[in-house]
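Take a look at the structure below.
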Amino acid sequence: MNWEARKHIVDDRADSSSRPQKQSVLLIGDSSHDEFDEPRHWLEEHCDLRRATGLAEACDSLYRTGAPHVILFAQSRPGQFSQSDVERIHARSPLSRLVVLLGSWCEGEMRTGRPWSGVVRVYWHQWAARMVPELAPGTADQSTVWRLPRTASGTEQLAHAAEGDWRCGRGLILIHTRLFCDFQAFSDVCTAGGYASCWEPTDGPSFVTGAAAVICTAIGGDPREAEIVGSLTRRYAPAPLVALLDFLRGDDRRRMHDVGAVAVLAKPFLVGDLLWHLDRHVRNSDDEAAAVKAA
């Protein structure tokens, strides 16, 4: 073997060793549901993804390929899996983190149903801020909710998540909302993330220039709200816009994305969820502006 061939082998090995390792994920259930399209595509690109449609296939996968880092149940409606199903999988793979991705029909389980214990719950509209920081190669943090023991209750998980050490952003966030008390609440979130903020009431523009991002609050279910969001995205372009809705459904999210919103969150949300989206999209906007300037 000549020197050039040996050099290529060494270079390839160095490249592969320097790349962050993809986390392995076993996805159990019917992930073809519309609400799971985005997380499924992201998992396919960024993780070592295995799939199983049911418990028998999942157990066979665990036997053949070993324990993955994460076992993710996809449940579009209540009753597709049970607590005994979760415990059966846990017994087969006790070191895997157990997470459930939930569809819209499961949003009332905490009030009227019997939510599983011993899992991390992620709703379909929360997946980006909750899953990407955990599963993106090289980004996992040992202090996150996903690293808590299985015995941690939902209350303990929420308390742990509320103590997040958020990145310090910079820039001005324009907050478009009807009530000043809402502005104050969202302004406190921005301050926690290092941002300044300015209120734009719904009955008149603020005439602010140079906003790093825009937050717009709405109720959801009214197509006319998309017109407001579209007007804001055009007025404050290229600043990214994050829409916050009270009753988020798939149609609302599609409408908001169609008119330019970069992210759509459901209220209530964790402070870290909003700050994660602001940090991600403000940095992307800054990088794009720097690239244009350099060109």
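Looking at segment 241-255, which of its residues are more than 17 Å from the chain's Cα centre (by Cα), assigned to a loop (DSSP other than H, G, I, E, B) and of a type outside the set (Asp, Glu)?
Of everything in segment 241-255, just one residue is more than 17 Å from the chain's Cα centre (by Cα), assigned to a loop (DSSP other than H, G, I, E, B) and of a type outside the set (Asp, Glu), namely PHE247.
State which residue is surrounded by the most Cβ atoms within 10 Å (Cβ to Cβ) when the search covers only segment 44-92 and only residues that are in a helix (DSSP H, G or I) and in contact (Cβ under 8 Å) with a residue 60 or more places away in the chain.
Applying the first criterion (in a helix (DSSP H, G or I)) to segment 44-92 yields 44-46, 55-65, 83-92.
Keeping just the survivors that are in contact (Cβ under 8 Å) with a residue 60 or more places away in the chain gives 46, 89-90.
Numbers: HIS46: 16, ILE89: 22, HIS90: 16.
Ranking the candidates gives ILE89 first.
Pick out, from segment 126-239, the helices (runs of 4 or more DSSP H) lying fully within it that include 1 or more residues that are not assigned by TED's automatic domain parsing to the domain that holds ASP252. Can you show your working first?
On the way: elements: 127-135, 154-162, 180-192, 224-235.
Hits in segment 126-239: 127-135, 154-162.
Take the residues of segment 256-272 that are outside any loop (DSSP other than H, G, I, E, B) and of a type in the set (A, V, I, L, M): which is surrounded by the most Cβ atoms within 10 Å (Cβ to Cβ)?
The first filter runs over segment 256-272 and keeps only residues outside any loop (DSSP other than H, G, I, E, B), leaving 256-258, 263-266, 271-272.
Next cut, of a type in the set (A, V, I, L, M) only: 256, 263-266, 271.
Values: MET256: 26, ALA263: 23, VAL264: 23, LEU265: 23, ALA266: 21, VAL271: 16.
Checked segment 256-272; the qualifying residue surrounded by the most Cβ atoms within 10 Å (Cβ to Cβ) is MET256.
As an exercise: evaluate PRO240 against (1) surrounded by 13 or more Cβ atoms within 10 Å (Cβ to Cβ); (2) modelled with pLDDT under 95; (3) in contact with a Leu (Cβ under 9 Å, 6 or more places away or on another chain) and give the number of the one condition it does not meet.
(2)
Can you list residue pairs whose Cβ atoms sit under 9 Å apart, with the first residue in segment 189-204 being touching a residue at least 24 places away in the same chain (Cβ under 8 Å) and closer than 19 Å to LEU270 by Cα and the second being hydroxyl-bearing (Ser, Thr, Tyr) and surrounded by fewer than 14 Cβ atoms within 10 Å (Cβ to Cβ)? Count only pairs 6 or more apart in sequence or on different chains.
Partner pairs satisfying both residue conditions: SER197/THR191.
For the structure I just gave you, tell me whether SER117 is of a type in the set (Gly, Ala, Ser) and under 25 Å from HIS41 (Cβ atoms). Lay out the reasoning, then the answer.
Numbers: of a type in the set (Gly, Ala, Ser): yes; under 25 Å from HIS41 (Cβ atoms): no.
Spelling it out, it is not the case that SER117 is of a type in the set (Gly, Ala, Ser) and under 25 Å from HIS41 (Cβ atoms).
Only one of these is touching a Leu at 6+ places or on another chain (Cβ under 7 Å) and either of a type in the set (A, V, I, L, M) or loosely packed, with under 12 Cβ neighbours inside 10 Å (or both): LEU148, LEU95, LEU101. Name it. I'd like the intermediate steps shown before the answer.
On the way: LEU148 fails: touching a Leu at 6+ places or on another chain (Cβ under 7 Å); LEU95 fails: touching a Leu at 6+ places or on another chain (Cβ under 7 Å).
It is LEU101.
The values are calculated or read from the model by the stated rules, or taken from the named source; none is laboratory data. The shown structure was predicted, so the numbers you read here are calculated from the model rather than taken from an experiment. Positions of Cβ are generated from backbone atoms using ideal geometry, with glycine treated the same way; all protein chains shown enter the neighbour counts.
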